[in-house]
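Please read the structure below before turning to the comments.
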Amino acid sequence: MKISVAGTGYVGLVTGVCLAEYGHTVTCVDIDERKVALMESGISPIYEPGLEELMNKNMERLHFTTDYGRAYEDADVIFIGVGTPEKQDGSANLTYVYGVAEEIAASIKKDCVVVVKSTVPIGTNDKIEEVIKSNLQHDVNVYVASNPEFLSQGSAVKDTLNTSRIVIGVEEEFAGSVLQEVYKDFNAPIVVTNRKSAEMIKYASNDFLALKISFINEIANLCEIIGADIEDVAHGMGFDKRIGDKFLNAGIGYGGSCFPKDTKALHWLANFHDYELKTVKAAIDVNENQKLKLIKKSRKYYESLKGLNIAVLGLTFKPGTDDLREAPTLVNIPLMVEDGANVRAWDPVGIENFKKLHPKSVTYCASIEETLQNADICFIFTEWDEVKAFDLNKYSELMKHPIVIDGRNCYQLSDVKKAKIVYDSIGRETIQ
Ligand code: NAD
C-alpha cells in the first residue's frame, strides 16, 4: 500500500513516522521547504519526545517532499493532517484542508482513499468529498474517510503507537476495510461509525476534557476562598472510576492548538444551528479568566509590576513540547512588559519560538538559576521536570524577594514550608 500524508506538523509527521514504524512506506508532503529539507537530513522540525529517533530508524520507508503531485498521483491512501486554526469568529478555518482536497483532485490518477485526520467540524468530510469529486482531473474513484487524531503533544509518539482507540468514520465499506488494513498492526480497539459521528467523537472528546479542566479550576478557585486543598480534593475524587484520576490537575487553564479552538469551533457550530452549548461556553469562559490568575495573585504582593524583576519559568503551554499556541504566557508576558516590568524567562525548548514573537522585550536565560537572580517575583507557567526537581532553597538564595507564584502546583506544600519563601499556588493555602 502506498501512503502519503499531507502536512508534517505534530499530527502529520507523527502519523507518517508511526505508520512507517509499522512497516508502511510513507511519503510526507509539506508546503514548507525548510521543514522538508530538515526532515530529509534526519532532523525533526518540531520537538516531540522520541520523534526524531523513530524518524531516523525508519528513514528507508520515509520520503519527504513538497511535490504533492508526485506524492498523490499513485497513492492508495492519502492522509490529510494540515492545520484547522481558529478564525476570528471562533469557527474553524478550513482553507488548508480544502486546499489539500483541491491538490488531491488535481493529482490522483488511480482510485484512492482520502483520510481526514485534521480536526474538522461535523459535515466537513462530506464537503471535502464534494471538492475532490468536482475537481477530479482523471476518471478515478475517491473514498473519503474520517479518522480523527487523539494524540497529545509532548507524548505524541507514545500516544500514537499505543493509541486508546482508532475511530474510522465511513460512508461505504471499502474505505473502512482499507483503513482496517492500514491499522492492522496497531493494537487498539477500532470504532467504526459514519463520518459525522466520527467527526463529533473528536470534538466531544476534546471539549469534555476542556470542561473537566475548567471544572477542576473553578473548584480550585473556590478551595482558595474557603480553605480547602484542591490536591486533596482531586485525589479524593479520582478514586471514583466514573470520574477517573486524570485531568484533575488545577492550574492556569488549558492552552495549545486544540482545546481552545475545538471548544470555540463546536460552540460556534452549535450556535450556527441555533443551539447554545452552555457547558462548552462555560469551559471557555472559565479558561479565559484562569489564564490571568497569576498576575491577579501578584497584586497581593505588589500594587504594580512596574520596575520589578520578574522571573518566568516555562513558556510553552505544557511540558514536552516547543509549541506556544495559546500558551498563557502569550497573554501574560506582554501584560507584564506593558506594566513596565523587566521580564527574564527560561524554558528548556520554547525559547526559540518565543523569541520570534518577542525578540527584545524579554531577557532569555539559559538556566533557572540565571532567571531567578535578583528577581522580585517568580511566576511558574509550565510544570517542566526541571522546575519540579528544582531545589526550593535556591529561590530564597537567588531572588531579591522570594515570592513564587506557581500556576501549576509543582511543589508539595510540606516541602515548601521548609524553604523560606512566599509561595502562592492554585487552590491551596498560601505559604508565607
Ligand atoms: P501544524 O500546524 O503543526 O501542522 C500543519 C502542517 O501542514 C504545517 O507544517 C503546514 O506547513 C502544512 N501544510 C499546510 N498546507 C499544506 C498543504 N497544502 N500540503 C501539505 N502541507 C501543508 O498542525 P497540527 O498541530 O499537526 O494539527 C493538524 C490537525 O490535527 C489540526 O486539525 C488539529 O486540530 C488536529 N490535531 C492536532 C493535535 C495536536 O496535538 N497538535 C492533536 C489532535 C488533532
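Residues in the range 118-151 that are surrounded by fewer than 16 Cβ atoms within 10 Å (Cβ to Cβ), free of Cβ contacts under 8 Å to residues at least 40 places away in the same chain and within 16 Å of the ligand (Cβ to nearest atom): Asn135 alone.
Looking only at residues of the range 72-95 that are within 18 Å of Leu13 (Cα to Cα) and in a strand (DSSP E or B), we find that the one that is farthest from the ligand (Cβ to nearest atom) is Val77.
Evaluated against (1) near the ligand (Cβ under 10 Å from one of its atoms); (2) under 22 Å from Val17 (Cα atoms); (3) touching a Phe, Trp or Tyr at 6+ places or on another chain (Cβ under 6 Å), Val115 falls short on exactly one condition, (1).
Of the residues screened, Phe64 is one that is within 27 Å of Val178 (Cα to Cα), in contact (Cβ under 8 Å) with a residue 40 or more places away in the chain and touching an Asp or Glu at 6+ places or on another chain (Cβ under 7 Å). From the list Glu48, Glu103, the lone residue that is of a type in the set (Asp, Glu), outside the structural domain of Gly320 (by TED's automatic domain parsing), touching a residue at least 60 places away in the same chain (Cβ under 8 Å) and assigned to a helix (DSSP H, G or I) is Glu103.
As a summary of the residue check, Gly251 satisfies the conditions (1) away from the ligand (no atom under 16 Å from the Cβ); (2) assigned to a helix (DSSP H, G or I); (3) under 26 Å from Val349 (Cα atoms) except for the one numbered (2). Of the residues making up the range 34-71, those that are more than 10 Å from the ligand (Cβ to nearest atom), at negative phi and not polar (S, T, N, Q) number 22.
Within the range 158-171, take every residue that is in contact (Cβ under 8 Å) with a residue 40 or more places away in the chain and more than 12 Å from the ligand (Cβ to nearest atom) and give me the one that is nearest to the chain's Cα centre (by Cα). Ranking the qualifying residues of the range 158-171, first place goes to Lys158.
Of the residues making up the range 373-426, those that are among the aliphatic types (A, V, I, L, M), in contact (Cβ under 8 Å) with a residue 24 or more places away in the chain and in a loop (DSSP other than H, G, I, E, B) are Ala375, Leu392, Met399, Ala419, Ile421, Ile426. Checked against (1) at pLDDT below 95; (2) over 18 Å from Thr84 (Cβ atoms), Gln153 meets all criteria but (2).
The values are calculated or read from the model by the stated rules, or taken from the named source; none is laboratory data. Just so we're clear, the structure is a prediction, and the values are computed from it rather than from any experiment. Methodologically, a virtual Cβ is constructed for each residue, glycine included, from the backbone with ideal geometry; neighbour enumeration extends over all protein chains shown.
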